[in-house]
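First comes the structure, then the notes that go with it.
The values are calculated or read from the model by the stated rules, or taken from the named source; none is laboratory data. From a predicted model like this one, the values you see are computed outputs, not experimental measurements. All Cβ positions, glycine included, derive from the backbone under ideal geometry; neighbour counts span all protein chains shown.
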Amino acid sequence: MKTIYYAIQNIIRGKNSTIIKVVSLSLGLFLSIVLFALVGTELNYDSFYQDNEDIYVVETCWSGGKPSYYCIYPTAKTLMDHFPEHVEVATVINDFTPRYVQLGKEDIRLKLIGVDSLFFQTMGIPLIEGNASDMNIPDAIFLSQSTAKRIFGSENAMGKTLMWQTKHELIVKGIFADVPENVTIKTEAAVSLHHPWAKSIMRTDWSGGGSWPTFVRLKKGADAEFINQRINTIVGNYVSAIDSYEQRGLKNVKVSLTPLRGYNFKNEKTRTMVSIVSLLGLVLLLTASFNYALISISSLSYRAKAIGVHKCNGAEVRNIFGMFLWETLFVTGISVLIAIFLILNLQEQIEDLTYVKMETMFALNNLWVPILAIVVLFLIGTILPGQLFSSIPVTQVFHRYTEGKKRWKYPLLFIQFGGTAFIMGFLSVTYAQYQYAMNKDLGYNSNRVVYASYLFENTDNALSNVRNLPYVENAECAMHNLLNQIGTHSIMTEDKSKIKFFSRYGQFNEQFLHFMDIRLKAGKHHTPHNEILVNPAFVKEMGWTSDGIGEIVPDLGTVTGIIDIAFPDQSESSPYYVSWISESIKGWSIDLHARLKEPFEENLIRLNEDMAKIYPNRPPVFRSYEWTLQNIFRTQRTFRDSVLVACIAILAITLLGVIGYTNDEVRRRSKEIAIRKVNGAEAGHILQMLCRDVFIIALPAVVIGVMLSWQIGNVWVSSNFKDILFISPLVYIGVVIVALAFILGTVIVKSWRVANENPVVSIKSE
């Protein structure tokens, strides 16, 4: 008990350093726990599914391309029929399902998929109510538990009726457990694949192409490799009998089973994100831990005599170490509580920043990650200072402790400064690249342009309704917007025997090019009479030696003009053509565009309010091009903002650490400083003396940290962006200068008073 008592006494006595420790630890823990929770979310991807180690993704690869989990529909049944001793069950999924259902006049947006009766068994999703076999009923819909509560409140959802596409009745036949965000198949509701709509959009025979996500559950102990060695021959026999695949250039199909657990890590962006977020979290955690150790070690100079007294009174090494262990435990405990308080009270901000719900990040199977972070911090913060404190000899009762006073401070400072410079440099990379991607010239003017994807009964009326609004400059329509809703079309050879290449395309009305200020590089505007516009990449893929004007593309028409539209997700333009918006689009949604007057944000709100009045049942929602572009780079923006927050935190932690170090240096060297001043030293010389030791440590640490940020930054940029910004070395030199200025500025500000103090005061205090 005495050990605990002395630990509490030391905490209270050194309240100033205790406050610094608690604040820096709380900041470091708060952010590192959130970052590590994000990493844990990815590491536990698909762990929700029961017996997930037995679930496999069925991948299909065509003509040596990239594997995809989109398979030909009969693949699932083929696996069950040919490998009954190995395959327990298999399922196919339709993820192109319309996202809205209606309850009365209310539109309800859902994560909706089409499934068969084997879906729940295959994926290991618990059914709370209902029978999976009811998925064979064409009008069946199953809801997640939270979705059923959201739609029907306290009423029992079973047997209730919803409308789909305003004309199809769906009857609730089952309730399943809520599916978290960190799963491959995210869903809030599932409709039967036997519904006429589902059958109408995609073919279910071997000629239907790879449009169906397919999963298989193997029996316990079954060997997936056994199936992989044989399935290609079986599927190949079916596919080879379909002439259309050969005509479309699709051949040499390969099917393979890949474990579902870890499947998310096949994505390079995911791997890079997990690695870098782990590194950021580790840097924050180590900086906070070593900062605690630094401040603790800095107190040796004035706590050594007290420890010597304890040893004179019979205290052993383990008692001294135990005292410091309890001291660290109390400080860490307070910091953990503050960190938890911040997490709970900043839930909305954390979810907005990470785009992951708190219940997913801090699920029970994910708690080991933040707990491990706390344990690491406690061990680092305890062992090193505790060893130093307990090794202080009894003789410290009689004189000031000076031996080895800097040996441990320098490496701790080095790690802190290096970590600070790394995050500052990394922030510069992420910010510069994101701004470059957002401000890239795409070949058109999207300023104040908004659009709504909507199935209008009469497009001309819709255009007139929008154009007549007083705050709208003009309005036009296209089949797709120019950012992320670009269609893909296969360009055939002249004899139409095979696919030459795949091209993006758009369909515009007459004035859309002028509306968006899309510039013609050559030629003239197209007309409805089988005329198209193409970009230079299209000309290159066609192998034309001319500029392309006057050339004929099979099934499309004559090239009349050359345009150059860039896409935000590509460094070089992919093939792209524009045709006339045709009557054939009736029954399909279009993107109605409008350019608004200033004030833009206010007018956008007014536009959506007016649309709700004109189309009360289901109003079109207009969004800006800027919003869509931000959404395309949402992951990158989230990461940039996370790095910004981490940078602010580590600067605060480093600031507190440097303050603690400087306080100790000033206290320890007060007599030396006073003597120097008596002998004629000016304030500038005193500040120079105090800064010199820090500068010797800071310079190599900052340079190494910035160099590391350059290396890691290049990895992040190359995996997240196609069009990469060249960052001048001057930027990194600037980061070095700013980091050094921050560190040395802190030392100067904190030492200013003592450098200008009357030396008599210091000598008297000795």
Check: When Ala612 is evaluated against the numbered criteria (1) in contact with a Leu (Cβ under 6 Å, 6 or more places away or on another chain); (2) without any contact (Cβ under 8 Å) to a residue 60 or more places away in the chain, which criterion, by number, is the only one it fails?
Finding: (1)
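A quick yes/no check of all residues on (1) outside any helix (DSSP H, G or I); (2) hydroxyl-bearing (Ser, Thr, Tyr):
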position: Val336; (1), (2): no, no
position: Ala339; (1), (2): no, no
position: Glu351; (1), (2): no, no
position: Val356; (1), (2): yes, no
position: Thr360; (1), (2): no, yes
position: Asn365; (1), (2): no, no
position: Pro370; (1), (2): no, no
position: Leu377; (1), (2): no, no
Check: part of a strand (DSSP E or B), under 32 Å from the mean Cα position of the chain (by Cα), in contact (Cβ under 8 Å) with a residue 24 or more places away in the chain and within 17 Å of Pro213 (Cα to Cα), is that true of Tyr49?
Finding: no
Note to self: So for the stretch 65-76 (the condition being under 17 Å from Asn228 (Cβ atoms), modelled with pLDDT of 85 or more, aromatic (Phe, Trp, Tyr) and not in a strand (DSSP E or B)), does at least one residue qualify?
What the structure shows: no
Next item on the list: Find the residue count for the stretch 81-106, including only residues that are touching a strand residue (DSSP E or B) at 6+ places or on another chain (Cβ under 7 Å) and either surrounded by 16 or more Cβ atoms within 10 Å (Cβ to Cβ) or of a type in the set (Phe, Trp, Tyr) (or both).
Entry: 14
Notebook entry, point to check: Is it the case that Thr662 is farther than 20 Å from Leu442 by Cβ and either within 29 Å of the chain's Cα centre (by Cα) or modelled with pLDDT under 90 (or both)?
Noted result: yes
Note to self: For the stretch 467-474, check the following and say yes or no: at least one residue is assigned to a strand (DSSP E or B), within 36 Å of the chain's Cα centre (by Cα), polar (S, T, N, Q) and surrounded by fewer than 19 Cβ atoms within 10 Å (Cβ to Cβ).
What the structure shows: no
Margin query: Considering only residues that are surrounded by fewer than 19 Cβ atoms within 10 Å (Cβ to Cβ) and in a helix (DSSP H, G or I), which ones fall in the stretch 253-273?
Written below: Tyr263, Asn264, Phe265, Lys266, Glu268, Lys269, Thr270, Arg271, Thr272
Notebook entry, point to check: Taking strands (runs of 3 or more DSSP E) that do not extend beyond the stretch 507-583, which have at least 1 residues that are in contact (Cβ under 8 Å) with a residue 60 or more places away in the chain and crowded, with 18+ Cβ neighbours inside 10 Å?
Noted result: 557-563, 576-580
Notebook entry, point to check: If we keep just the residues of the stretch 134-184 that are under 30 Å from Asn44 (Cα atoms) and of a type in the set (Ser, Thr, Tyr), which is nearest to the chain's Cα centre (by Cα)?
Noted result: Thr184
Item checked: Single residue of Thr654, Thr662 found to be touching a residue at least 60 places away in the same chain (Cβ under 8 Å) and in contact with a Phe, Trp or Tyr (Cβ under 9 Å, 6 or more places away or on another chain) -> Thr654
Notebook entry, point to check: Is at least one residue of the stretch 488-497 closer than 29 Å to Arg634 by Cβ and either crowded, with 18+ Cβ neighbours inside 10 Å or modelled with pLDDT under 85 (or both)?
Noted result: yes
